[in-house]
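The values are calculated or read from the model by the stated rules, or taken from the named source; none is laboratory data. If you're wondering where the values come from, they're calculated on a predicted model, not measured in any experiment. In case anyone asks, the SASA skips ligands and DNA or RNA and just uses the protein heavy atoms, side chains included. Shrake-Rupley method; radii C 1.70, N 1.55, O 1.52, S 1.80 Å.
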Amino acid sequence: MRYSLEAAAKLLHEATGITEMPKNCDGLAACLNAATDGLVKIATGQVVHVYRGLCPDAVTGFDSRDSDCPACKILQEIQQ
C-alpha cells in the first residue's frame, strides 16, 4: 500500500510524534511510506509484539523496545 506524502507524514506524526526522518532514508517519500507501512502493520496486527522482554507496556514503559521483537524492531528503525 502506498500513501501520499502528506497522508504518510500526518499518520506518522500522529502515531509517533516524529517530525524528522532518519538520516539513512533514501528520499523523504520512500522513508515516509516505509515507516507508515511498518506502523500500519503493527496497528493492524500483521506484526505483533512478542511481550517476552522489553516490549512497550505499562510495566516496562511505553518507550521500551525489545531487540528480539519484530514490532519493536520496526519502531526502533523508525525512531533512529
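In this structure Arg65 has an accessible area near 50 Å², from a 1.4 Å probe over the protein heavy atoms. Summarising the overall dimensions of the stretch 28-77 from its C-alpha atoms, the Rg and Dmax are 11.3, 35 angstrom. Counting 0.36 nm for each residue step from Ala43 to Gln76 and taking away their Cα separation leaves a gain of 10.3 nm.
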